[in-house]
Amino acid sequence: MHLIIRPLLVLLVSLAIFPAVPVQAQRGQFVEELFRTIAEAQLEREQRKRIEQEQREREQRERERLQPPIADVPTPIQPRRDRGEGPRGDHDHEHGEPVTAQLPAINVRSREAAGFAQDLVDFYATINSLVNDLRAASIQNPNLRPLLPDAYHVRADCRTLISNCDGLDSLATIEPVFSPLDACWRQLSFSLRAIGSLDGTCNELIRRADRLCLSMEKRFGVGPQFNRAELRDLMIVGSSYMETLIDDLELAAASRRQTAPLIHDIRLLKQQLLGQSGRLSQGNYDDVVAAFTDFAHQWGELSRRAYTVDDLHVHRRLDRIHEVGDQTYALLWLPPPTSTVDLQAAAQRLDRSFTSVMNRLTLATMVSLRSNDQRQLLEASRRLSDQCHQFENAAAQRSSLQELSGLFGGIDRDWSTLRGAYMQLGSLPRGAIFEVDQACGQIRGMLNIGPAVETGADLRSMLPSVAALEGGAEYLDADIQRFKRYFVSSSFRNSITDASRDVYSHAKRLNAELSQQLDRGRVDIADLQREAGKMVDAWQQLSRDIEQIQNQGLPHRSAEGVKRARRDLAPYVAEIAAALLQQ
């Protein structure tokens with residue numbers, strides 16, 4: 001008996017003397033240690049850069065002594081500076097160092113390769129400046145946030161391609177590596193230009209990157225490419241939606257005089273679309289774009305007429321066709337047009353949707369409110385209804401986009417305020433409220449404006465770091481999954497691959513959740529803290545595994561690359577942990 005009691009007493013005394021450390025304190029200690037590690041790594045990185053720079057200079061002098069470079073081939077290649085251009089393109093604003101200091105020293109063996117490498121280095125310098133500007137702009141422009149990881153990917157792929165150019169003689173060997181970079185930039189450029197609300201500096205950087213990418217394409221003899229099979233699938237899906245729209249119009253509670261001519265015209269246009277899908281294997285890019293532009297013009301007129309039919313099923317079918325159109329514009333690298341005709345249809349939909357809410361706003365639905373609150377809600381609702389009528393009339397009169405944006409800004413602010421009050425009325429149908437939400441979202445997209453509500457300023461400033469963490473974690477996870485065949489220990493292999501995958505998945509979810517909450521104007525800090533906590537836990541496990549990765553069979557150079565990627569991501573993890581887990 002004494003043998004059992006004595007260990008229990010020792011255990012109780014130990015617990016009293018050394019109390020458990022709360023999770024919050026543990027994470028606070030983790031953040032402090034992480035910031036200290038980052039500072040030490042920065043000093044180590046600066047020292048390593050000096051040593052590497054001296055080594056490169058010694059090797060460069062030895063190469064020049066043994067084998068002079070080919071005449072007129074710049075070695076090492078530096079970013080060009082356009083006439084009248086300032087120094088911004090040659091420096092990394094985020095790290096305060098020249099762009100060329102981030103790039104590996106390369107030498108090429110032909111004038112053809114030298115021209116391509118020069119364009120590529122200039123392209124990297126341009127993308128680097130663009131990424132820094134997009135990070136700053138994304139704080140105020142929510143439309144940029146989903147594109148930041150893609151921008152980081154393009155920059156990283158470009159840097160990798162520059163490394164592959166060392167010793168390059170013929171472009172044929174580098175074309176398979178260039179094609180994915182070309183495709184990624186085309187998609188990113190299209191998405192950025194479609195936003196339409198960037199400042200002049202960002203737009204100029206995008207145009208310059210487009211010119212450089214086009215120059216590199218010409219060196220390979222590559223023209224604009226698109227996925228013909230995917231385009232054919234989109235055309236078939238669009239024609240199916242048009243057929244279903246015809247059925248919806250036949251069942252709609254509208255006069256045959258209104259719907260019969262519309263059904264006839266839609267059926268003819270659908271047959272034209274199916275005919276074009278059968279001829280898609282013929283013709284070049286310009287022919288396909290011309291045919292699609294003509295179809296989009298005809299469909300724009302028909303959709304405006306269809307939106308005048310007051311039927312919920314018809315409107316939802318039109319939304320699906322509109323989504324297919326947006327996907328087709330993206331596939332063909334074309335910016336979707338914003339026309340006052342589309343806005344007129346969207347304004348009519350908004351007015352009808354809010355009128356539906358007003359018709360349901362009766363004394364019976366507001367019985368839970370005090371009489372004074374009922375009166376205030378009705379007055380605010382009537383004012384918003386008048387604003388919707390005014391916006392619809394302005395769209396019908398083809399007012400300028402600037403005037404329409406101003407009118408809709410007031411509607412969006414008032415709707416954000418009233419929506420919360422409507423949601424508290426249990427007897428008010430949620431579907432009617434969501435219809436107004438959808439109409440407002442559609443108009444925001446057409447006018448390229450963000451949501452009206454400003455909230456969570458500190459969290460907004462964190463958005464670029466969250467996006468950067470997602471992009472970097474995806475690359476790190478891809479590297480670790482690729483290297484797992486080298487790991488000699490199965491337990492280590494499972495631990496590091498699971499931790500890497502968890503860091504990426506939680507960073508991705510955190511980025512999506514934070515962006516969605518800020519767009520809605522309502523931040524749930526508990527949800528964000530929960531996701532950030534899971535990400536930090538996975539990060540701590542990943543860091544412990546990476547510390548011993550070199551002892552697990554991975555080649556030295558690959559191990560150093562993984563460690564460097566971990567160091568690059570550490571500041572983002574520290575910023576997120578400090579912002580969310582120390583509140």
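The values are calculated or read from the model by the stated rules, or taken from the named source; none is laboratory data. Note that the coordinates shown come from a computational prediction; the quantities given were computed from them, not determined experimentally. Here the Cβ is made from the backbone with ideal geometry for all residues, glycine too, and neighbour counts use every protein chain on show.
Each row is one residue, and each column tells you yes or no for (1) within 20 Å of Val237 (Cβ to Cβ); (2) free of Cβ contacts under 8 Å to residues at least 60 places away in the same chain.
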| position | (1), (2) |
| --- | --- |
| Tyr307 | no, yes |
| His313 | yes, no |
| Arg316 | yes, yes |
| Arg320 | yes, no |
| Asp326 | yes, yes |
| Asp342 | no, no |
| Gln348 | no, yes |
| Arg352 | no, yes |
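Scan segment 367-402 residue by residue and report those that are more than 39 Å from the chain's Cα centre (by Cα) and either surrounded by fewer than 11 Cβ atoms within 10 Å (Cβ to Cβ) or modelled with pLDDT under 85 (or both).
Residues of segment 367-402 more than 39 Å from the chain's Cα centre (by Cα): 367-376, 378-379.
Of everything in segment 367-402, those that are more than 39 Å from the chain's Cα centre (by Cα) and either surrounded by fewer than 11 Cβ atoms within 10 Å (Cβ to Cβ) or modelled with pLDDT under 85 (or both) turn out to be Val367, Ser368, Leu369, Arg370, Ser371, Asn372, Asp373, Glu379.
Could you tell me whether any residue of segment 95-112 is surrounded by 14 or more Cβ atoms within 10 Å (Cβ to Cβ) and at pLDDT 85 or above?
There is at least one residue in segment 95-112 that is surrounded by 14 or more Cβ atoms within 10 Å (Cβ to Cβ) and at pLDDT 85 or above.
Could you tell me which residue of segment 453-481 is modelled with the lowest pLDDT, considering only residues that are hydrophobic (A, V, I, L, M, F, W, C) and within 13 Å of the chain's Cα centre (by Cα)? Can you show your working first?
Going residue by residue through segment 453-481, those that are hydrophobic (A, V, I, L, M, F, W, C) are 453, 457, 459, 462-463, 466-469, 473, 476, 478, 480.
Right, trim to within 13 Å of the chain's Cα centre (by Cα) and you get 463, 466-469.
Working: Leu463: 78, Val466: 88, Ala467: 85, Ala468: 84, Leu469: 89.
Taking the candidates together, the pick is Leu463.
The conditions are (1) closer than 28 Å to Met446 by Cα; (2) touching a residue at least 12 places away in the same chain (Cβ under 8 Å), and Ser240 fails exactly one of them. Which is it?
(2) is the only condition that Ser240 fails.
Any chance you could count how many residues in segment 485-540 are modelled with pLDDT of 85 or more and not in a helix (DSSP H, G or I)?
3
Hey, does segment 166-186 have a residue that's more than 20 Å from Leu463 (Cα to Cα), in contact with a strand residue (DSSP E or B) (Cβ under 8 Å, 6 or more places away or on another chain), at pLDDT below 85 and not assigned by TED's automatic domain parsing to the domain that holds Leu401? Walk me through it before giving the result.
In the first step, residues of segment 166-186 are kept if they are more than 20 Å from Leu463 (Cα to Cα); the result is 166-186.
From what's left, in contact with a strand residue (DSSP E or B) (Cβ under 8 Å, 6 or more places away or on another chain): none.
No; the residues of segment 166-186 include none that is more than 20 Å from Leu463 (Cα to Cα), in contact with a strand residue (DSSP E or B) (Cβ under 8 Å, 6 or more places away or on another chain), at pLDDT below 85 and not assigned by TED's automatic domain parsing to the domain that holds Leu401.
What tally of residues in segment 275-295 results from selecting those that are free of Cβ contacts under 8 Å to residues at least 40 places away in the same chain and surrounded by 15 or more Cβ atoms within 10 Å (Cβ to Cβ)?
Looking only at that region, the number is 2.
Residue by residue, here is whether (1) in contact with a strand residue (DSSP E or B) (Cβ under 6 Å, 6 or more places away or on another chain); (2) closer than 27 Å to Gln187 by Cα; (3) among the small types (Gly, Ala, Ser) holds:
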{"position": "Leu234", "(1), (2), (3)": "no, yes, no"}
{"position": "Gln258", "(1), (2), (3)": "no, no, no"}
{"position": "Ile266", "(1), (2), (3)": "no, no, no"}
{"position": "Gly278", "(1), (2), (3)": "no, yes, yes"}
{"position": "Asp286", "(1), (2), (3)": "no, yes, no"}
{"position": "Phe292", "(1), (2), (3)": "no, yes, no"}
{"position": "Gly300", "(1), (2), (3)": "no, yes, yes"}
{"position": "Ala306", "(1), (2), (3)": "no, no, yes"}
{"position": "Glu323", "(1), (2), (3)": "no, yes, no"}
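Name every residue in segment 363-419 that is among the hydroxyl-bearing types (Ser, Thr, Tyr), part of a helix (DSSP H, G or I) and over 21 Å from Asp437 (Cβ atoms), in order of residue number. First the steps, then the outcome.
Taking segment 363-419 as the starting set, the residues that turn out to be among the hydroxyl-bearing types (Ser, Thr, Tyr) are 365, 368, 371, 381, 385, 399-400, 405, 416-417.
Retained after the next criterion (residues that are part of a helix (DSSP H, G or I)): 371, 381, 385, 405, 416-417.
Ser371, the sole residue that qualifies.
Can you tell me which residue in segment 135-174 is surrounded by the most Cβ atoms within 10 Å (Cβ to Cβ), limited to those that are charged (D, E, K, R) and part of a helix (DSSP H, G or I)? Reasoning before the result, please.
Going residue by residue through segment 135-174, those that are charged (D, E, K, R) are 135, 145, 150, 155, 157, 159, 166, 169.
Now restrict to residues that are part of a helix (DSSP H, G or I): 135, 145, 150, 155, 157, 159.
Working: Arg135: 20, Arg145: 23, Asp150: 17, Arg155: 18, Asp157: 20, Arg159: 16.
Per the stated criteria, the residue is Arg145.
(1) in contact (Cβ under 8 Å) with a residue 60 or more places away in the chain; (2) surrounded by fewer than 20 Cβ atoms within 10 Å (Cβ to Cβ): which one isn't true of Ala209, the others all being true?
Among (1) in contact (Cβ under 8 Å) with a residue 60 or more places away in the chain; (2) surrounded by fewer than 20 Cβ atoms within 10 Å (Cβ to Cβ), the lone unmet condition for Ala209 is (2).
Quick one: Val177 ticks every box in (1) in a helix (DSSP H, G or I); (2) hydrophobic (A, V, I, L, M, F, W, C); (3) buried (at least 18 other Cβ atoms within 10 Å of the Cβ) bar one, so which box is it?
Result: Val177 passes all but (3).
Give segment 104-128 a look and list any residue that's among the small types (Gly, Ala, Ser) and either under 26 Å from the mean Cα position of the chain (by Cα) or not in a helix (DSSP H, G or I) (or both), or say none. So that I can check it myself, show each step before the final result.
Quick first cut of segment 104-128, residues among the small types (Gly, Ala, Ser) only: 105, 110, 113-115, 117, 125.
Selection gives Ala105, Ser110, Ala125.
Determine which member of the set Asp373, Asp311, Asp351, Asp342 is in contact with a His (Cβ under 9 Å, 6 or more places away or on another chain), closer than 30 Å to Leu425 by Cβ and of a type in the set (Asp, Glu). If you could, list the steps in order and put the result at the bottom.
Values: Asp373 fails: in contact with a His (Cβ under 9 Å, 6 or more places away or on another chain); Asp311 fails: in contact with a His (Cβ under 9 Å, 6 or more places away or on another chain); Asp342 fails: closer than 30 Å to Leu425 by Cβ.
Of the residues listed, the single one that is in contact with a His (Cβ under 9 Å, 6 or more places away or on another chain), closer than 30 Å to Leu425 by Cβ and of a type in the set (Asp, Glu) is Asp351.
Can you list residue pairs whose Cβ atoms sit under 7 Å apart, with the first residue in segment 426-445 being closer than 21 Å to Thr365 by Cβ and the second being loosely packed, with under 13 Cβ neighbours inside 10 Å? Count only pairs 6 or more apart in sequence or on different chains.
The qualifying pairs are Ser427/Ala364; Ile433/Met423.
Within segment 340-355, can you find the residues that are among the hydroxyl-bearing types (Ser, Thr, Tyr) and buried (at least 16 other Cβ atoms within 10 Å of the Cβ)? If you could, list the steps in order and put the result at the bottom.
So the first thing to find is which residues in segment 340-355 are among the hydroxyl-bearing types (Ser, Thr, Tyr), and the list is 340, 353, 355.
Across segment 340-355, the qualifying residues are Thr340, Ser353.
With Arg267, Arg208, Arg279, Arg219 as the choices, which residue is of a type in the set (D, E, K, R), under 30 Å from Leu181 (Cα atoms) and at pLDDT 90 or above?
Values: Arg267 fails: under 30 Å from Leu181 (Cα atoms); Arg279 fails: at pLDDT 90 or above; Arg219 fails: at pLDDT 90 or above.
None of the other options fit; the residue is Arg208.
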